[in-house]
Amino acid sequence: MINKKKLRLGGLPARHGALPTSALEELLASINKKPAELHDTHTAHLVVHHNKVLGAHLVPGLKMDVNEMKDGIRAVIKIKDGTIIENPVQICFGMLPEKGIQKILMDVNCGKNSKISIIAHCSFPNALDITHIMDAKINIEEGAEYRYFERHVHGGGGGTKVYPKAKVNLEKGARFATEFELIKGRVGLIDINYETNCGEDSSLEMTARISGYANDIIRINETGHLNGENSRGFLNSRIAVRDSARADIYNKLTASAAGARGHVDCKEIVQDKAAASATPVVEVSHPQARITHEAAIGSVDSKQLQTLMARGLSEKESVALIIRGLLK
Amino acid sequence: MNKTENILELKNLSLKLGGKTILNGINAVFEAGIIYAIVGPNGAGKSTLASALMGLPDFRNIDGDILFEGKSIKNLAADKRAKLGITLGWQEPARFEGISISDYLMASAKDKKKGNMEYAMNAVGLNPGNYLHRGCDKTLSGGERKRVEIASILVMEPKLTLLDEPDSGIDIEALDKMFEVIQTLKRKGSSIILITHSLEVLKHSQKAFLMCHGGIRDSGSSEKISSYFHDKCMPCDLKYIAEQGIPYDK
């Protein structure tokens, strides 16, 4: 439900308010940043705590209309035709309390031949029972490029539930790349659901790197439709699970146009009583299209392990290094 | 010879894999500071012997004993043997996703100074500025990966280096570098065992063992073994084997 205050941030200077400065500092500290880093006028940012915008700064050609809602925000983001945003936009969506729900509804449009890269820090450092829902509709116009890097910081108790969902449309020659990475804390539950339609000469690249343990649950459901001639798609998952964590990865690529090329690559390392599944689905309905896939699930590669042990690393050190590499 | 001058002794070493005898009662003594070759045709058991010496899983269930510097290492896992100073360079080294060459060398190095990594890369003929940041992964050619493997051994400063088919996948120019590095390892105090079926590699050793059907059939100077290997093993002289009473699968 849309709330009261509608923030039109287009062209406005940095704004801090709603919550005490200490909340901003604490939220930024959780992602290893300081408020002073937000003072760079050449770098756009948006900091949202629960449903409050704590800070925002825009750069020419980037427009954001943000509505605060009861449990989150709705953001309409537009990049003007031909705008090249040099510095990655820094976004922080977070919640400091132990419990709560945060919904982020995003409507993104990248104008023709524009280019933007967003680093979205999603931080829930104290989570005992936090649900974070991101529902995005993204349109990338002809020749535009949109890169979205999602970096998560979760509490150590496993009380975070994350539901990133996006519908993406790539017009002719558009490029979309996204990476999801948990850099600190426990997964809890991560349930990713992305679907992308790829037009002529467009390119899609999706990567997830997640390590789960205890009773964490990782679900990835990514679909790419290579509908345009010479479109490209790459779905890449790198997962490690141990203890009794579980990962289920469903990657689907379809190709229905001449010259469409795609690849699905899923690697999962399973230790202890953890379990993992990988379901690569490839569908080709044009004789000049081609999609390949590979999936490897199992324990750490024995030759890699033996090689490192033959250099003097213990088995535990070797496994840790191999998994760090996989998730890098 | 005084026992302490031996880096490695194999005492009646045998190993069965899948019910089949692969190593059959091997007795051998390796003196410290010498470059040895273990030569033999494909299927002789050479790589199995290297794996057993390194203590790799699946190759640990041996009969007999392996003494390193006079002490049994039979019950030690590979990492414990490596900590004592034994290492193995694989014929086809593993490739690692997300691990840079720098990370790999650093993990292997005894002294983790950056200068040591650069020195090792230069020693194997790879420009450190161009390579250290690269992934130790499938983007490297076979020859590049092999040279990185040797660099990782150089920075480890082992007492005993086992190199399985060191010339495999390497071009002629790089091969010279490889032999230079083997000499460097020797100068730094490492004993070397080259596992090979190549006469060219055999030439770079000082002493050699001829291996056939899981056993050591002869030993001595590399010249002597080279001549025998050339005359009797290339191709394998089955008639001679039968005359000598060497057990083999027909």
With the crude spin-label approximation of a point 7 Å out along Cα→Cβ, what separation in nm comes out for B:ASP63 versus B:ASP231?
3.3 nm
Placing unit charges on C-beta atoms (Lys and Arg positive, Asp and Glu negative, everything else neutral), compute the dipole magnitude of the protein assembly as shown about its Cα centre in debye, rounded to 20.
1220 debye
Residues of region B:65-89 with the amide nitrogen closer than 15 Å to a label point 7 Å from the Cα of A:ARG324, along Cα-to-Cβ, please.
none
With springs only between Cα atoms under 10 Å apart, run a GNM on chain B and tell me which of B:LYS113, B:LYS74, B:LYS188 wobbles the most.
B:LYS113
Tell me the Kirkwood radius of region A:6-302: reciprocal of the mean inverse pair distance over distinct alpha-carbon atoms, in Å.
19.6 Å
With each label point set 7 Å from Cα along the Cα-Cβ vector, what nm distance links A:LYS316 and A:GLU179?
2.9 nm
So if I take the centroid of the Cα atoms in region A:265-328 and the same for region A:161-206, what is the distance between those two points in Å?
21 Å
Region B:10-52-region B:116-161 distance, computed between alpha-carbon centres (Å):
27 Å
Quickly estimate the mean residue ellipticity at 222 nm for chain A, helices only: each DSSP H run with n ≥ 4 gives -39500 (n - 2.57), and the total goes over all residues, rounded to 500.
-3000 deg cm²/dmol
For the pair B:LYS207/B:LYS114, report the inter-label distance in nm, with labels modelled 7 Å from Cα in the Cβ direction.
4.3 nm
When only Cα pairs under 8 Å and 6 or more residues apart are kept, what is the percent relative contact order across chain B?
26 percent
Amide H neighbours of B:GLN91 under 5 Å, at least 5 residues apart or on other chains, H built in the peptide plane: list them.
B:ASP164
Sorted by chain and then number, the residues having a modelled amide H within less than 5 Å of the amide H of A:GLY173, at least 5 places away or on another chain, are A:GLY143, A:GLU200, A:ASP201, A:SER202
In the structure displayed, which of B:LYS80/B:LYS203; B:LYS207/B:LYS232; B:LYS80/B:LYS112; B:LYS83/B:LYS207; A:LYS303/B:LYS138; B:LYS16/B:LYS224 lie more than 23 Å apart, Cα to Cα?
B:LYS80/B:LYS203; B:LYS83/B:LYS207; B:LYS16/B:LYS224
Summing Lys, Arg as +1 and Asp, Glu as -1, what charge do residues with Cβ under 10 Å from the Cβ of B:LEU8 carry, B:LEU8 excluded?
-2
Residues with amide H under 5 Å from that of A:ALA44, placed H, sequence gap 5 or more
A:GLN90
GNM, chain A, Cα, under 10 Å: largest mean-square fluctuation among A:ASP135, A:ASP301, A:ASP216?
A:ASP301
Tell me, in nm to one decimal, what length is gained between A:ASP191 and A:VAL76 on full extension, where the rule is 0.36 nm per residue of separation less the Cα-Cα distance?
39.1 nm
Taking 8 Å as the Cα distance limit and 6 or more residues as the minimum spacing, I'd like the relative contact order of region A:6-302 as a percentage.
10 percent
Chain lengthening between B:ARG187 and B:ILE172 when straightened (0.36 nm per residue, less Cα-Cα)
3.1 nm
Using θ = phi - 60° and the Karplus curve 6.51 cos²θ - 1.76 cosθ + 1.60, what whole-Hz ³J(HN,Hα) does each residue of region A:53-65 get, with Gly and Pro shown as x?
7, 8, x, 7, 8, 10, 10, x, x, 10, 10, 10, 10
What net charge do the residues around A:GLY155 carry, taking every other residue with its C-beta under 12 Å from that of A:GLY155, with Lys and Arg at +1 and Asp and Glu at -1?
+2
Under 9 Å, Cβ to Cβ, from B:ILE35 - net charge with Lys/Arg +1 and Asp/Glu -1
+2
What whole-number distance in Å separates the alpha-carbon centres of region A:36-84 and region B:169-202?
60 Å
Modelled label reach - A:THR279, point 7 Å along Cα→Cβ, region A:245-266 residues with backbone N closer than 17 Å:
A:246-254, A:264-266
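Values in this text are rule-based calculations from the coordinates and carry no lab data. The model shown is predicted, which means the values in this text are computed figures rather than measured ones. No Cβ is skipped: glycine too gets one built from the backbone with ideal geometry, and neighbour counts run over all protein chains shown.
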